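**Student:** Below is one structure. I have some questions about it.
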Amino acid sequence: MTSLEADLEALLGRDSVTPADGRAGPTPAPTARPRSAEALAEVLALANSRRLAVLVRGGGTKWGWGRAPGRCDLVVETTALNRLLEHEPGDLTCVAEAGLTLGELQRLVASAPGHHQRLMLDPPQGGDATLGGVVATAASGPLRARYGTPRDLLLGARFALADGTLARTGGKVVKNVAGYDLGKLLTGSQGTLAVIVEVALRLHPVPPASCWVVAERLDPQTAQAALAALRRAPAVLSMAELLWPEGRLLARLDGAPSACEQQAEIVRALVPGGRLAGERETDELVRMIERRPWDGEGPVLGISVPVNRIGELLALAAVGGPVAHLSLRGTVGAGEARLQAGADPAQFAARVADLGGFVSWHRGGDRDSPPLQPLDPVAARLALSVKRALDPHSTLAPGRGPV
Amino acid sequence: MDRIPARLDQAPLDALRQAVGGRWVLTDPDQLRTYECDGLTGWRAVPLAVVLPSSTEEVVQVVRICRRSHVPFVARGSGTGLSGGALPVEDGIVIGLSRMREILRLDLDNERVVVQPGVPNLEVSRAVAPYGYLYAPDPSSQRVCSIGGNVAENSGGAHCLKYGFTTNHVVALTLVTPEGEVAHLGSAVPDSPGYDLLGVVVGSEGTLGIVTEVTLRVLPVPQRVQTLLAAFPSTDAAGEAVAEIIAAGVLPAAIEMMDRATIEAVEFAMHAGYPDCGAALLVELDGPQSECEALFGQVVEICRGCGASEVRVAEDEAERALLWKGRRGAFSAMGRVSPDYYVQDGVVPRSQLARVLAGIRELEGRHGLKVANVFHAGDGNLHPLILYDRRSPEGPDRAKRLAEDILTLCLEAGGSLTGEHGVGRDKVCQMPKLFSPDDQMVMHRLRRAFDPEGTANPGKVLPTPRLCGEHPGIYRPHPLELSGAAQRL
Ligand SMILES: Cc1cc2nc3c(=O)[nH]c(=O)nc-3n(C[C@H](O)[C@H](O)[C@H](O)COP(=O)(O)OP(=O)(O)OC[C@H]3O[C@@H](n4cnc5c(N)ncnc54)[C@H](O)[C@@H]3O)c2cc1C
């Protein structure tokens with residue numbers, strides 16, 4: 001046992017420390033699993049004072065997001081912080097520890113008697129993802145078309161800085177402008193600024209009914225035009241997914257049964273070859289959306305383009321192009337692409353940049369891969385001074401994330 | 001800062017004149033007085049000078065001069081803020097953005113509009129209306145307040161219940177940092193790389209730099225709008241209806257509540273024809289016709305179930321305007337029934353509305369002052385109006401104490417210090433009620449990462465021991481409000 005492991009055991013108890021293994025990188029590192037925010041803060045303070053590099057881990061489902069960190073001496077796992085602290089159905093809000101999984105949260109909030117609510121986030125591999133991890137990666141899925149991304153649903157957070165300071169930002173009410181909105185800063189910061197230990201989130205009621213509209217074998221320009229029409233149509237899309245190269249469009253409408261049927265009809269009429277999907281097919285569609293584009297080998301990139309360039313992006317995903325599979329949220333022009341085995345990510349990134357868009361690593365970004373997008377130089381300098389202000393010794397995930 | 005000049009030295013003054021042109025640097029005491037306060041008129045300070053740049057480049061030069069000469073600066077939009085955010089600092093200058101008021105680009109294919117910071121909020125919606133779009137955040141000061149001020153305050157409005165606040169509608173901005181550099185934050189396209197610094201700058205009240213260009217998201221105008229006014233025996237009953245509407249999963253565009261004191265004032269001042277009742281709810285739904293119709297019936301039923309004696313439904317645009325008339329005129333009406341009033345801005349969890357309103361009634365009795373409530377009930381954002389007479393010996397002090405007690409009540413219920421007016425100078429000393437020293441320390445570190453020298457709007461947002469010994473003056477209504485050009489929400 002190394003002295004670090006011994007010190008962690010003294011701090012947390014034997015059950016909360018796993019001896020060094022190789023899952024965090026080439027150098028073996030132990031894992032600490034503190035049971036309270038305070039204990040987690042103490043672990044960070046200890047690592048910080050010894051100038052160790054710490055990686056935060058939630059469910060591990062987005063371990064590959066962002067650039068791989070430069071080094072890791074200690075993994076701090078949040079999974080023992082897994083309580084739902086408050087759920088006030090009348091406010092449509094909840095407060096939970098950051099290590100609670102999204103799947104478990106959904107189960108718990110759905111079980112409040114007389115209410116049927118959920119957190120309207122459906123990131124990839126979402127069930128096992130922890131809330132802290134979802135926020136730290138700003139991960140989202142098809143539902144963002146209507147409900148936005150973690151930045152829109154996070155009301156407040158409690159977090160630990162590398163030096164062990166525990167602090168809060170925001171609150172648990174849906175409207176609040178007191179102090180800086182550090183929740184936005186933590187969202188997408190990939191564990192490089194602070195360890196999120198608690199989150200307050202906005203919930204939504206589960207709509208009583210859903211209808212699906214499907215179309216196949218669309219070509220890129222038709223798909224772009226159909227989506228442009230849908231964005232202005234009197235229909236509220238909860239999802240509008242484009243799956244390429246097969247040219248599929250999947251749209252979901254939610255609401256009162258009569259309302260969603262009428263809106264589905266409007267959508268169907270606007271999409272060439274559009275038809276309503278039956279219940280059995282719908283289940284299949286949901287599973288397909290969840291798998292794509294993660295099934296199969298090859299790097300996966302997060303991707304976004306202006307909505308009036310979607311057609312050109314889809315053309316890049318035609319059979320024989322660099323993209324094996326593309327899943328795009330058509331109303332916002334953001335999603336994921338899995339590249340063909342031999343395709344060059346940097347080259348693909350450059351083509352997306354030409355469209356005015358962005359890419360980021362969601363799988364396969366290795367230690368040496370360059371950041372795929374240059375940042376605005378002054379924004380980069382500000383980002384660096386924010387990093388130094390909150391984590392002066394670069395204890396948290398050095399080399400990962402934007403700076 | 002190592003040196004604070006008592007007046008602006010000749011060298012920086014010359015440099016400022018060189019940067020923006022002599023006529024855009026104001027130093028005449030009479031002119032300066034126009035800038036001595038924002039909408040919260042109880043706080044006043046005369047700045048050393050007011051500088052009115054016309055471009056990002058000029059702002060950069062002005063900020064660099066400030067930095068070189070150790071002169072603090074305060075950004076100012078239209079000066080309608082209600083927390084003293086644009087209150088000048090006596091040893092500093094005001095940088096007014098009112099000359100930067102161009103709408104630079106419409107990109108409606110991508111639902112984006114690019115504007116300069118001095119553009120009034122309503123101008124954005126006006127510019128895109130011919131194409132069937134709108135800009136959703138609608139503070140009641142929208143005819144006057146600037147987009148730069150909205151960004152700095154993360155402003156809200158009646159329709160933010162459904163559409164979210166300014167922060168949900170700003171996708172990119174240009175920031176002149178306190179060190180005089182130009183940063184481009186965010187992007188017209190989602191998921192831009194890097195930390196979400198944009199999200200931090202929105203709501204930072206001019207303390208992280210000066211916003212000189214903003215890219216906004218605009219939305220298609222909804223197909224249908226439906227509005228009703230429901231009369232309840234009490235605020236308890238109305239509060240219950242709000243809770244039920246929210247819990248039923250109906251998301252109206254707006255839910256506004258008025259209590260008896262407000263309704264009486266409205267009837268006295270403008271004969272809006274509101275029903276005689278303990279509390280009224282104004283509920284507006286918008287969206288696809290099919291959805292509106294399905295939900296509207298549900299809202300009517302919930303109101304009846306919670307004891308509404310009357311539910312008036314607007315059949316056309318004229319009737320809708322009539323229903324909103326009393327709500328929109330509520331504040332000026334209050335001016336007719338009370339010599340003075342102070343508007344508090346607090347937030348409570350929606351499930352606590354009835355309890356907190358009862359608490360406010362109890363405080364009324366204890367302080368011997370009347371409170372009228374007219375507010376954004378849907379998101380729990382209270383705006384109690386504390387009615388007092390500044391000529392009575394203890395009036396202002398009592399009003400202030402009552403306002404603070406109401407805030408304490410909000411915080412005890414799990415709410416917040418401010419829902420849309422910001423901390424500014426007014427609530428800086430109340431921050432410790434919500435945030436621990438460590439919470440504030442982290443915010444302070446963030447601020448210093450943007451502004452190492454502390455030149456950007458010092459004395460706002462975060463408390464310092466020097467600040468928190470002072471007392472604010474009494475409240476006086478904003479000139480806009482008196483002229484009826486805008487309402488205080
Ligand atoms: C009658 C009335 C009704 C109101 N109703 C509402 C309402 O419904 N909802 C609501 O949210 N608010 C409301 N307000 C408050 C106010 O209108 C808003 O806070 C508004 O956003 C302020 O805009 P402004 O241009 O007047 O900003 P100012 O008052 O000039 O400044 C406000 C703050 O923004 C900073 N600032 C201004 N411009 C910039 C810039 N370009 N870059 C960086 N910082 C900048 C200032 O330093 C200051 O801290 C109301 C005010 C009045 C008087």
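**Student:** Just to confirm my numbers, what's the Cα centroid distance between the stretch A:158-225 and the stretch B:107-160 in Å?
**Tutor:** 24 Å
**Student:** Spin-label point model (7 Å from Cα, Cβ direction): what's the B:R105 to A:W63 distance in nm?
**Tutor:** About 4.2 nm separates the two model spin labels.
**Student:** Still on this structure: Just want the ordering: B:S234, B:S416, from fewest to most Cβ atoms lying within 10 Å of their own Cβ.
**Tutor:** By the 10 Å Cβ count, ascending, the order reads B:S234, B:S416.
**Student:** Also, I was wondering about something else. Please list log₁₀ I(q)/I(0) at q = 0.05, 0.08, 0.09 Å⁻¹ for the protein assembly as shown, using the Debye equation with identical point scatterers on the alpha-carbon positions.
**Tutor:** Calculated log10 I(q)/I(0) at the listed q: -0.27, -0.73, -0.94.
**Student:** Running a GNM on chain A with Cα contacts under 10 Å, which residue among A:E216, A:E86, A:E284 ends up with the highest mean-square fluctuation?
**Tutor:** A:E284
**Student:** Next up: Rounded to the nearest 10 degrees, what's the angle between the helix A:345-354 long axis and the longest principal axis of chain A, both from Cα atoms, 0 to 90?
**Tutor:** 60 degrees
**Student:** Length gain on complete extension for the stretch B:Q289 to B:R391, per 0.36 nm per residue less the alpha carbon to alpha carbon distance?
**Tutor:** 31.4 nm
**Student:** With θ taken as phi - 60° and the coefficients 6.51, -1.76 and 1.60, list the Karplus ³J(HN,Hα) couplings across the stretch A:288-293 in order, rounded to whole Hz; mark glycine and proline as x.
**Tutor:** Calculated HN-Hα couplings, in order: 5, 4, 5, 6, 6, x Hz.
**Student:** Would any residue of the stretch B:116-132 have its amide N under 17 Å from a label point 7 Å out along Cα→Cβ of B:V221? List them or say none.
**Tutor:** Under 17 Å, as judged by backbone N against the label point of B:V221, lie B:122-132 of the stretch B:116-132.
**Student:** Percent relative contact order of the stretch B:224-331, based on C-alpha pairs within less than 8 angstrom and at least six residues apart? Display every interim value, and only then the final one.
**Tutor:** Details: 174 pairs, mean separation 48.6, N = 108.
It rounds to 45 percent for the stretch B:224-331.
**Student:** Which order do peptides B:252-260, A:376-384, A:150-158 fall in by mean Cβ count within 10 Å, highest first?
**Tutor:** Result, highest mean Cβ count within 10 Å first: B:252-260, A:150-158, A:376-384.
**Student:** Right, something else. Quick one: Karplus J couplings for the stretch B:425-431, per residue in order, coefficients 6.51, -1.76, 1.60, θ = phi - 60°, nearest Hz, x for Gly and Pro?
**Tutor:** 8, 4, 10, 4, 7, 9, 3
**Student:** How high is the relative contact order of chain A, in percent, with contacts defined as C-alpha pairs under 8 Å that are six or more residues apart?
**Tutor:** That works out to 17 percent.
**Student:** On C-alpha positions alone, give me the angle between the axis of helix B:353-367 and the longest principal axis of chain B, in degrees, nearest 10.
**Tutor:** For helix B:353-367, the angle is close to 80 degrees.
**Student:** Lys and Arg at +1, Asp and Glu at -1: add these up for the other residues within a Cβ distance under 15 Å of A:R35 and post the number. Intermediate results must be reported in sequence, preceding the final value.
**Tutor:** Details: positive: A:R14, A:R33, A:R83; negative: A:E9, A:D15, A:E38, A:E42, A:E77, A:E97, A:E198.
With Lys, Arg at +1 and Asp, Glu at -1, the neighbours total -4.
**Student:** Classify the stretch A:209-363 from the C-alpha gyration tensor, please: rounded if a/c falls under 1.5, else prolate or oblate depending on whether a/b exceeds b/c. Present the calculation step by step, with values, prior to reporting the outcome.
**Tutor:** Details: a/c = 2.23, a/b = 1.70, b/c = 1.31.
Verdict is prolate for the stretch A:209-363.
**Student:** Ranked by Cβ crowding within 10 angstrom, fewest neighbours first, how are B:W43, A:W63 ordered?
**Tutor:** A:W63, B:W43
**Student:** Right, something else. List the residues, sorted by chain then number, that are 5 or more residues from B:G157 or on another chain and whose placed amide H is less than 5 Å from its amide H.
**Tutor:** HN-HN under 5 Å from B:G157: B:D138.
**Student:** Can you run phi through the Karplus equation (6.51, -1.76, 1.60; θ = phi - 60°) for the stretch B:386-393 and list ³J(HN,Hα) in whole Hz, with x for Gly and Pro?
**Tutor:** The phi angles translate into 8, 8, 8, 10, 5, 7, 6, x Hz.
**Student:** Residues of A:333-343, mean number of Cβ from any other protein chain within 10 Å of their own Cβ, rounded to a whole number? List each step's numbers first, then the result.
**Tutor:** On the way: counts 4, 3, 1, 0, 0, 0, 0, 0, 0, 0, 0.
Average per residue, whole number: 1.
**Student:** Rank the residues A:C211, B:C303 as a footprinting-exposure proxy: fewest other Cβ atoms within 10 Å of their Cβ go first.
**Tutor:** A:C211, B:C303
**Student:** May I pose another question? Using 7 Å Cα-to-Cβ label points, what is the A:A343/B:R143 separation (nm, one decimal)?
**Tutor:** Between A:A343 and B:R143, the simple spin-label model gives 5.4 nm.
**Student:** For chain B, what percent of Cα pairs sit more than 30 Å apart? Don't skip to the end; give the middle numbers.
**Tutor:** Details: 56265 of 119316 pairs.
Summing the P(r) tail past 30 Å for chain B gives 47 percent.
**Student:** Let me know the mean shielding of B:281-293 by other chains, meaning the per-residue number of their Cβ atoms within 10 Å of its Cβ. Don't jump to the answer; show the numbers that get you there.
**Tutor:** Details: counts 0, 0, 0, 0, 0, 0, 6, 11, 4, 15, 12, 2, 4.
Per-residue shielding by partner chains comes out at 4.
**Student:** While we're on this one: If R₀ is 51 angstrom, what is the calculated FRET efficiency for the pair A:L276 and B:E412, using the beta carbon separation as r and rounding to 0.05?
**Tutor:** Result of the calculation: an efficiency of 0.50.
**Student:** Okay, next question. Can you list residues from other chains, or at least 5 along the same chain, whose modelled amide H is less than 5 Å from the amide H of B:C145?
**Tutor:** Distant-sequence amide H within range of B:C145: B:N121.
**Student:** Cα centroids of the stretch A:83-111 and the stretch B:378-408: how far apart, whole angstrom?
**Tutor:** 36 Å
**Student:** No solvent, one uniform scatterer per C-alpha: report log10 I(q)/I(0) for the stretch B:1-87 via the Debye equation at q = 0.17, 0.19, 0.26 1/Å, two decimals.
**Tutor:** Listed by q, the Debye log ratios stand at -0.73, -0.90, -1.39.
**Student:** I need the calculated FRET efficiency for the pair A:Q125 and A:R23, taking r as the beta carbon distance and R₀ as 25 Å, to the nearest 0.05.
**Tutor:** Values: r = 17 Å, r/R0 = 0.66.
It comes out at approximately 0.90.
**Student:** First check a/c for the stretch B:103-220, with a ≥ b ≥ c the square roots of the eigenvalues of its C-alpha gyration tensor; if it is under 1.5, answer rounded, and if not, answer prolate when a/b is larger than b/c or oblate otherwise.
**Tutor:** Cα axes put the stretch B:103-220 in the prolate bin.
**Student:** Let me ask you something else. With a sphere of radius 15 Å drawn around the Cβ of A:G90, what net charge do the other residues whose Cβ falls strictly inside it have (Lys, Arg +1; Asp, Glu -1)?
**Tutor:** Values: positive: A:K172, A:R202, B:R350, B:R355; negative: A:E86, A:E88, A:D91, B:D236, B:E240, B:E244, B:D379.
Its environment carries a net charge of -3.
**Student:** Using modelled backbone amide H atoms (1.01 Å from N, in-plane), which distant-in-sequence or interchain residues come within less than 5 Å of B:R224's amide H?
**Tutor:** Sorted by chain and number, the residues that satisfy this are B:G287, B:Q289.
**Student:** Averaged over its residues, how many other protein chain Cβ atoms are within 10 Å of peptide B:438-449's Cβ atoms?
**Tutor:** Other-chain Cβ atoms within 10 Å of each residue's Cβ, averaged: 6.
**Student:** Next question, about the same structure. Using only Cα atoms and rounding to the nearest 10 degrees, what angle (0 to 90) does helix A:220-232 make with the longest principal axis of chain A?
**Tutor:** Long axis of A:220-232 versus the principal axis of chain A: about 80 degrees.
**Student:** Over 12 Å, how big is the tail of the calculated P(r) for the stretch B:68-114, in percent of all Cα pairs?
**Tutor:** Cα-Cα pairs in the stretch B:68-114 separated by more than 12 Å: 70 percent.
**Student:** Moving on to the next point. For A:E246, project a label point 7 Å along Cα to C-beta. Then give me every residue of the stretch A:180-216 with its amide nitrogen under 16 Å of that point.
**Tutor:** Counting backbone N atoms under 16 Å from the label point, the list is A:213-216.
**Student:** Return the calculated 222 nm mean residue ellipticity for chain A, to the nearest 500 deg cm²/dmol, obtained by summing -39500 (n - 2.57) across DSSP H runs with n ≥ 4 and dividing by the residue count.
**Tutor:** -9000 deg cm²/dmol
**Student:** Within the set A:K175/B:K162; A:K172/B:K433; A:K184/B:K460; B:K370/B:K400, which residue pairs have Cα atoms separated by over 19 Å?
**Tutor:** A:K184/B:K460
**Student:** For chain A, what is the convex hull volume of the alpha-carbon atoms per residue, in Å³?
**Tutor:** 145 Å³
Read the figures in this text as sums done on the coordinates, not as results from a lab. It should be emphasised that the depicted structure is a prediction, and the values quoted were computed from it without experimental measurement. A quick note on method: Cβ atoms are made from the backbone with ideal geometry, for glycine too, and the neighbour counts reach across all protein chains shown.
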